[in-house]
Amino acid sequence: MQGKSALMTAVAVVALTAGSAYAAGKPSSDGTSSSSTAATDNGPTNAELAARIQALEDELQAYEGKAQTDHTRLSTLEQNFNDVQWSFDNSRPTIKTGDGRFTMSLRVRLQEDDANFMQDSRASLLKNSPKAVTDLSSGAVTRRAYFGVEGKAFNDFVYEFRLNGGGTNGSAGGSPTVTAGEGDPLVNIARVAYTGIDHFELNAGVIEPAFMYEGVIGSSALPFLERPEIDNIAADVFGAGDSRRGVEVRFQKEGALMPGDNLVLDSAFTGAKTGTNAGHGSQGDEQTQWLGRASYRFWSDGISNASIGASGADLLSPGYTGGAINQITLQDRPEVRVDGDRLISTGALNVRHAYMYAFDAGANIQNFYVGGEYADFNVRRLASGTLAADNPSFNGWYVEGTWVLTGEPKTYTVSATNNEVGGFGAPKVASPFSLKGDSWGAWELTARYSDTDLNWNQLFAGDATHQAGINGGDERIVALGVNWYLNNNVKLQLNDLITNVDRYSAPQHILANRASQDFNTVAIRLQFTN
């Protein structure tokens, strides 16, 4: 550019000189020289021409500077396009490429539980033997200790790998069904999902399907320490719990039928759990299940929401071990996992087929929330010798509500790349706790009533052609709680579980063998999650 400026300047000087010389020697029309009429000529003077040349040079230099700046900016953008970038949002370290097509986040979750069972003395309980009364053990457990990575690759693939060093406590006796030394599988999730088709996600590997009303709420956002019993029974028996080998397809679209709505349709085919031969023993086929869920948010004003949903599952095969059919058991703990005893349980059932269905609804109005669910479980019990096959059924339901005292609204998850989609989650803390300021985090009051009935013809002892009824027990729990969200990472939960269990001991048709167990459980959880 400087060369061009110099060349143009030289050309202008030559033109100016030549023009001046020509003007000096050219005669005018009346015979006089042009010098005599210069004063009356309207052409530019030498000074004006020099000023124009200077302005032109200044303009060229400014253009050259702008071009250099643009070149530098473009080079910087090209260099940063493929550079790796780190972020640390919500205590979650994330690394990504400059174009955003590849990401990886480190995830951790720690839940430490402590529970105290306030019940009759052990000596008093043992006096009730052989009635179905159990001495529960107070104590502590690392409920979850997750560590893993998640992210996306080539923009259209999502991956997640998660290990769990926590679990649930086992017990050695007292309850209808107990597994000693219980623990969750180490490989909790190991999956790859394809999201390249609008509104669809295809998920495969070791998965946790989106199933049941509170099954689509992450464990860090649960309003109580544990999910309701019917949700846990459905997940365990019908293949929806975590650590399940399987495939899943999901459709999700906001504004599917009308503005502001949200439709989620999910279907999965799963097998047994990883890390155990349960459901896939030697010389036998693996258990298989189909399960699905549909949820629909039919109203929202951006903060408040209302939704309905339904879940269903079919136990296609319980699996075979050594040529014998695997048994299934419907059971659960009294909504706390510090003790391994199940106070209600159908016992092991020889079934070839089972199915279940559930309906749910929930809504939040600002910082108030209410929700509930009903579930029905049906099994096809095989014939036993001369005793005919039959079709036992069981059911349960619950209703729950919360009130965030500090005003933060409950959150509704419209879409997600994991199973936490179409459900109500925890509030987002507006003012994190700090002793240096007037900030106490978010406070939430919770209440839930649940009733799970695993009895079927429990007073029938059987006859020559019919099998005996099933004495699983009926458990009713009133759960009251306080949740303190110090910030979006740290939470303290306090639950008081008022539990009543009615159950018969064999032979169950004798009314004198009916036992009722009532107790309180005070449990607390400290949680960190990112």
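Points worth noting:
- Any hit, the range 485-493, residues being modelled with pLDDT of 95 or more, surrounded by 21 or more Cβ atoms within 10 Å (Cβ to Cβ), closer than 23 Å to ASN232 by Cβ and assigned by TED's automatic domain parsing to the domain that holds ASN232: yes
- Of the residues making up the range 365-372, not a single one is assigned by TED's automatic domain parsing to the domain that holds TYR504, among the polar types (S, T, N, Q) and modelled with pLDDT under 90.
- Filtering the range 401-416 for residues that are among the acidic types (Asp, Glu) and either outside the structural domain of GLY362 (by TED's automatic domain parsing) or more than 26 Å from GLY347 (Cα to Cα) (or both) leaves a non-empty set.
- Members of the range 317-327 that are assigned to a strand (DSSP E or B) and either at pLDDT 95 or above or among the polar types (S, T, N, Q) (or both): SER317, THR321
- Condition met for SER300 (within 21 Å of the chain's Cα centre (by Cα), among the hydroxyl-bearing types (Ser, Thr, Tyr), surrounded by fewer than 24 Cβ atoms within 10 Å (Cβ to Cβ) and on the phi > 0 side of the Ramachandran plot): no
- The range 417-462: number of residues that are within 28 Å of ASN500 (Cα to Cα) and among the aliphatic types (A, V, I, L, M): 5
- Qualifying residue in the range 281-292 (condition: modelled with pLDDT of 95 or more, surrounded by 16 or more Cβ atoms within 10 Å (Cβ to Cβ) and within 30 Å of VAL370 (Cβ to Cβ)): yes
- Of the residues making up the range 442-457, those that are within 24 Å of the chain's Cα centre (by Cα) and either within 15 Å of GLY362 (Cβ to Cβ) or buried (at least 22 other Cβ atoms within 10 Å of the Cβ) (or both) are ALA442, GLU444, THR446, ALA447, ARG448, SER450.
- Pairs linking a residue in the range 389-408 that is surrounded by fewer than 22 Cβ atoms within 10 Å (Cβ to Cβ) to a residue that is β-branched (Val, Ile, Thr) and not in a strand (DSSP E or B), with Cβ atoms under 9 Å and 6 or more positions apart or on different chains, are ASN395/ILE230; TRP397/ILE230; THR406/VAL429; GLU408/VAL429.
- Residue check for SER431: over 20 Å from the mean Cα position of the chain (by Cα), more than 30 Å from GLU150 (Cβ to Cβ) and either among the small types (Gly, Ala, Ser) or in the same structural domain as TRP299 (by TED's automatic domain parsing) (or both): no
- Note on the range 122-169: residues that are modelled with pLDDT of 85 or more, surrounded by fewer than 19 Cβ atoms within 10 Å (Cβ to Cβ), in contact with a strand residue (DSSP E or B) (Cβ under 6 Å, 6 or more places away or on another chain) and more than 30 Å from ARG191 (Cβ to Cβ) total 2.
- Test: VAL216 is surrounded by fewer than 20 Cβ atoms within 10 Å (Cβ to Cβ) and modelled with pLDDT of 95 or more: no
- Residues of the range 302-312 that are at pLDDT 95 or above and in a loop (DSSP other than H, G, I, E, B): ILE303, SER304.
- Lone qualifier among ALA190, ALA221, ALA234 - being more than 26 Å from ARG476 (Cα to Cα) and modelled with pLDDT of 95 or more: ALA190
- GLY284 being touching a Lys or Arg at 6+ places or on another chain (Cβ under 8 Å) and outside any strand (DSSP E or B): no
The values are calculated or read from the model by the stated rules, or taken from the named source; none is laboratory data. This structure is a prediction, so every number in the text was calculated from the model and none was measured. Using ideal geometry, Cβ is built from the backbone for each residue, glycine included, and neighbour counts are taken over all protein chains shown.
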